[in-house]
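Colleague: Okay, handing you the structure first.
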Amino acid sequence: MNNLFSAELYKWKKSRGFYVCLLSAVCCIVIIWLSFLLADRIESGQIENGTMGITVSQETLEEGQSESFLDAIDIMQIVQTFIGGGFSTLFIAIFICIWVIGEYGKGAVKNVVGKGYSRNSIFLTKYFSSILISLVLDIAIVIASVLTGMAVMGTARIGENFFKDCLAYVGVQLMLSVAFSGIIAAIGEFTRNLAAGIGISILLTALSSTFANGLDLLFKAMHIDFRVSAYWITNVIENCPIEGINIDVVGSAIAVTIMWTVISLFAGMVHFHEADV
Amino acid sequence: MSMEYVLRTHNLTKTFGKHKAVYNVSMNVRKGDIYGFIGKNGAGKTTFMKMVSGLANPTEGTIELFGEKSEQMYSKRKNIDLFGRSKVELQRKRIGCLIEEPGYYPGMTAAENMEVVRRNLGIAEKKVIPELLHFVGLTDTKRKKVKYFSMGMKQRLGIAIALMRNPDFLILDEPINGLDPSGIKEIRDLLIKLNRERQITILISSHILGELSKVAARYGIIRDGSLIEEFDAEELEDRCKRCQKVVVDDTAAAARILEEGLGIRNYDVPDRSVIRIFERLEEAADINKALITGGVALQESMLVGQDLEGYFMDLLGDGAIGTKR
């Protein structure tokens, strides 16, 4: 399996798609932060409203409220938006689909299947390399969000518990990301078609939590005491708090991560084992 | 001395729903042979090759590779090692294959693609890459990405990848498909070189029967998923040999006339009433006359024989073997 992993690392290093994905994510984060800065300058009257297409409405500003747009937000909220709000999961879903399904596109998987390795070890290598890549993407998104935020808002806004909260939040999110990327890797293995894989993954990222919430309401109406959203990965990612992460939150995240990692790994492995290449 | 086989399959079958893509195929590939695998599109050649190379699981039957036999039922196999590999899977390390089109990463160069395969296979020596690229004539591609390669270059890269672990057995599915005449010749020369210089056994399928007959030592004909016949190149040549075929009531008396009366020695008796004469074909009328004069009842006399392409077409299609011309 070491040989297989070494080849995966080499492909990763040579993957232009990864760098494009990483750069796109970082650029998006920088652009969003810059738009906040621009809105703040417009609000404070330093720049004319409408500059670069950004219009700030001040009608809703209540008396006594700060006129600074940036005062109303903090870095952790933005980190939460990027990591837990579907931004990083979208990039991860797209790249992992390309990563896994790309093996089938031009038949490169034929160069490793039937070469003395068990199919289980081949799938495991792909699965774990997908997780590793998703963690790197997540970490890059966090670093870009925090550093750009600090550059835009200044370090004076960093509270004493900021790094502690940030580390705890990112730690839980990275753990959940393992299960999420595993699910996407399994979807890639099942579909083996780039359009279908990306389409299903985007649907999963964008709509599945709403669907889970809908099921919660349905169960509630039926007087069934079961919340799907408490166990579905994208809901848990979205609902992870940015402050006061306690043992209950961590315990629940660990349980959900283990559950979905095991399910996706098992399903993907069985499919890869039985399906023809 | 018993014959050494690289590949033997026993009643190998693959079904997709109700469709039997490959049915009860028992193939024998001898060590050192170039085995030509012939069949129409959809006859089951690729499916068979995929099963042998581990890309597809058989529905029934067994595969014997280098003497190691697979389990009967793949879904219930027990004879596996700690890593979940069967003995046949371990023997597959000795196989190189190029099935359908070569597997490659289009955004990488030939050397980078080879590097991925080198790492996958755990080959320590890096020099194997330039050596193989030189062997298949791709040394000059340098930084050119594979997506810009011609069809022939991609096929040669596929062969280089298949040769990466210095295989004892090479499985090539339509390796000359889509190539121009010079590309076909290049691949043909390469295969002969591999067989002669490296003693690699080759199983090759192709539609271009004339080309196949220039390299193959043994043939297998597959039709509608079933292997209908296996024969050697000499046998094929013999079957296609032009001869005078006579149907008589008494072959012993006819043979005596041929030998004693006409001095003909080059003939055979494949059937109780048939004699095939391979010499003096231009004197067919005289031979017929001699047989009749000698008291033999001559029921039929004809000149038969085909080129290889015609013979294969008869086998693959609905025609009978040894069609009259």
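Colleague: Could you list the square roots of 5 times each eigenvalue of the Cα gyration tensor of the stretch A:1-140, that is, the equivalent ellipsoid semi-axes, sorted largest first and rounded to whole Å?
Modeller: 46, 14, 10
Colleague: Now for a different question. Averaged across B:162-172, how many Cβ atoms of other chains sit within 10 Å of each residue's Cβ atom?
Modeller: Per-residue shielding by partner chains comes out at 1.
Colleague: Something else about it: Using each residue's phi in the stretch B:195-208, evaluate 6.51 cos²θ - 1.76 cosθ + 1.60 at θ = phi - 60° and report the 3J(HN,Hα) Karplus result to the nearest Hz, with x for Gly and Pro.
Modeller: My calculation for the stretch B:195-208 gives 5, 7, 7, 9, 6, 8, 6, 10, 10, 10, 10, 6, 8, 7 Hz in order.
Colleague: Further question: With springs connecting C-alpha atoms under 10 Å apart, model chain A as a Gaussian network and identify which of A:Phe87, A:Phe180, A:Phe36 has the largest mean-square fluctuation.
Modeller: Most flexible of the set in this elastic network: A:Phe36.
Colleague: Turning to a different aspect of this structure: Please report the net charge: other residues with Cβ closer than 14 Å to the Cβ of B:Lys144, K and R +1, D and E -1.
Modeller: +4
Colleague: So what are the ³J(HN,Hα) numbers for the stretch A:14-28, from phi and the Karplus equation (6.51, -1.76, 1.60; θ = phi - 60°), rounded to whole Hz, Gly and Pro as x?
Modeller: Values, residue by residue: 8, 7, 5, x, 5, 5, 5, 5, 4, 5, 4, 4, 5, 4, 4 Hz.
Colleague: Under the rule a/c < 1.5 gives rounded, and otherwise a/b versus b/c splits prolate from oblate, where does the stretch B:169-223 land using the Cα gyration tensor?
Modeller: It comes out oblate by the Cα gyration axes.
Colleague: Under a 5 Å amide H to amide H cut-off, with H placed in plane at 1.01 Å, what residues pair with B:Ser226 once short-range neighbours are removed?
Modeller: B:Tyr23
Colleague: Could you give the dipole magnitude of chain A about its Cα centre, charging the beta-carbon of Lys and Arg +1 and that of Asp and Glu -1, in debye to the nearest 20?
Modeller: 1800
Colleague: Compute the separation of the alpha-carbon centres of the stretch B:280-306 and the stretch B:9-28 and state it in Å as a whole number.
Modeller: That distance is 45 Å.
Colleague: Just tell me which lysines come within less than 23 Å, Cα to Cα, of B:Lys31; anything on the same chain fewer than 8 places away is out.
Modeller: Hits, sequence-local ones excluded: A:Lys115, B:Lys45, B:Lys50, B:Lys69, B:Lys87, B:Lys93, B:Lys193, B:Lys214.
Colleague: Quick one: Karplus J couplings for the stretch A:177-184, per residue in order, coefficients 6.51, -1.76, 1.60, θ = phi - 60°, nearest Hz, x for Gly and Pro?
Modeller: 5, 4, 5, 4, 5, x, 4, 5
Colleague: Just checking the output field for A:121-127: average partner chain Cβ neighbours within 10 Å of each residue's Cβ?
Modeller: 1
Colleague: Given points 7 Å out from each Cα along the Cα-Cβ axis, report the B:Tyr148 to B:Asp249 separation in nanometres with one decimal.
Modeller: Output for this residue pair reads 8.0 nm.
Colleague: If you don't mind, another one. Send over the Kirkwood Rh of the protein assembly as shown, from the inverse of the averaged 1/r over different Cα pairs, rounded to one decimal Å.
Modeller: Evaluated on the protein assembly as shown, it is 29.2 Å.
Colleague: Just checking the output field for B:112-119: average partner chain Cβ neighbours within 10 Å of each residue's Cβ?
Modeller: The mean count of partner-chain Cβ atoms within 10 Å per residue comes to 5.
Colleague: Got a sec? Charge dipole of chain B, +1 on Cβ for Lys and Arg, -1 for Asp and Glu; which of B:Met153, B:Leu298, B:Ala233 is way out at the positive end?
Modeller: Result: B:Met153.
Colleague: Assuming 0.36 nm per residue, please report the length gained on full extension of the stretch A:Ile247 to A:Met150 beyond their Cα-Cα distance.
Modeller: Stretched out fully, the A:Ile247 to A:Met150 stretch lengthens by 32.0 nm.
Colleague: Sticking with this one: What is the sum of charges, Lys and Arg at +1 and Asp and Glu at -1, for the other residues whose Cβ falls under 13 Å from the Cβ of B:Glu229?
Modeller: -1
Colleague: Under 14 Å from the Cβ of A:Leu176, count the other residues' Cβ atoms, weight Lys and Arg +1, Asp and Glu -1, and hand me the total.
Modeller: Charge balance in the 14 Å sphere: -2.
Colleague: Classify the stretch B:5-237 as rounded, prolate or oblate, taking a ≥ b ≥ c as the square roots of the eigenvalues of its Cα gyration tensor: rounded when a/c is under 1.5, otherwise prolate if a/b is larger than b/c and oblate if not.
Modeller: oblate
Colleague: With the Cα gyration tensor of the stretch B:242-304 giving a ≥ b ≥ c as the square roots of its eigenvalues, does the rule (a/c under 1.5 for rounded; else a/b larger than b/c for prolate; else oblate) give rounded, prolate or oblate?
Modeller: The shape class here is rounded.
Colleague: With each label point set 7 Å from Cα along the Cα-Cβ vector, what nm distance links A:Thr55 and A:Leu34?
Modeller: 2.3
Colleague: Amide H of B:Asp250: which non-local residues (sequence gap of 5 or more, or other chain) have their own amide H closer than 5 Å, using H built in the peptide plane?
Modeller: Sorted by chain and number, the residues that satisfy this are B:Ala297.
Colleague: Considering only A:Asn111, A:Asn193, A:Asn235, give the residue with the highest GNM mean-square fluctuation for chain A, with springs between Cα atoms whenever their separation is below 10 Å.
Modeller: Result for chain A, Cα springs under 10 Å: A:Asn111 fluctuates most.
Colleague: Then there's this: Pull up all non-local amide H partners of B:Ser301: gap of 5 or more, or a different chain, and H-to-H distance under 5 Å with H placed in the peptide plane.
Modeller: Distant-sequence amide H within range of B:Ser301: B:Val247.
Colleague: Using the charge dipole of the stretch B:83-132 (Lys, Arg: +1 at Cβ; Asp, Glu: -1 at Cβ; taken about the Cα centre), state which of B:Ser86, B:Gly103, B:Ile129 has its Cα farthest towards the positive end.
Modeller: Result: B:Ser86.
Colleague: Summing -39500 (n - 2.57) over the DSSP H runs of n ≥ 4 in chain B and dividing by its residue number, what mean residue ellipticity at 222 nm do you reach, to the nearest 500 deg cm²/dmol?
Modeller: -9000 deg cm²/dmol
Colleague: Right, another one. Charges only on Cβ, +1 for Lys and Arg, -1 for Asp and Glu: so what's the dipole of chain B about the Cα centre, in debye to the nearest 20?
Modeller: Around 1860 debye, computed over chain B.
Colleague: Testing the spin-label approximation: label points 7 Å from Cα along Cα→Cβ at A:Phe163 and A:Ile254. State their distance in nm.
Modeller: 2.6
Colleague: Rounded to the nearest 0.05, what FRET efficiency is calculated for A:Asn2 and B:Asn41 with R0 set to 45 Å and r the Cβ-Cβ distance?
Modeller: Step by step, r from the Cβ atoms, then E = 0.65.
Colleague: For chain B, with a Gaussian network of springs between Cα atoms less than 10 Å apart, report the residue from B:Arg92, B:Arg256, B:Arg198 with the top mean-square fluctuation.
Modeller: B:Arg256
None of the figures in this text is laboratory data; all of them are computed from the coordinates on show. These figures come from a predicted structure and were not determined experimentally. Backbone-built Cβ (ideal geometry, glycine too); neighbour counts: all protein chains shown.
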